[in-house]
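Since the structure comes first, as structure tokens, the remarks are kept for the end.
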Amino acid sequence: MPEGHQLWDYEREGWARRFFENWRASLKWQRLEPYEKFAAMIDRHWDGIAAYCKPENKVALGFVEGLNNKIRVIQRRSYGLRDEEYLRLKVLTCMLDPI
């Protein structure tokens, strides 16, 4: 297991799980409620975390930031509208080529 990695750096689920279990064991003795809640949340979402470990599922952060910015602009423009389905469709189609 490579040293100095973060959970999201691993490309194999087994290594990521080992990293998480080692991290959890190193902090368990502190019995901090926020830590316990966080560790439980990681367990609940493990399938998504494991899927992200595969190289083909990783997304460039620049793309994510650009998409988040587009979503914020759409939300700003639609301020006051209550049609959540329309907002959802605008977000889903914001990356499509113009017709």
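The values are calculated or read from the model by the stated rules, or taken from the named source; none is laboratory data. Note that the structure is a prediction, hence the values are computed from the model and not measured. Positions of Cβ are generated from backbone atoms using ideal geometry, with glycine treated the same way; all protein chains shown enter the neighbour counts.
Miscellaneous remarks
- Complete set of residues in the stretch 70-99 that are among the aromatic types (Phe, Trp, Tyr) and surrounded by fewer than 10 Cβ atoms within 10 Å (Cβ to Cβ): Tyr79
- When residues of the stretch 46-69 are limited to those that are surrounded by 11 or more Cβ atoms within 10 Å (Cβ to Cβ) and not in a helix (DSSP H, G or I), the one modelled with the highest pLDDT: Lys54
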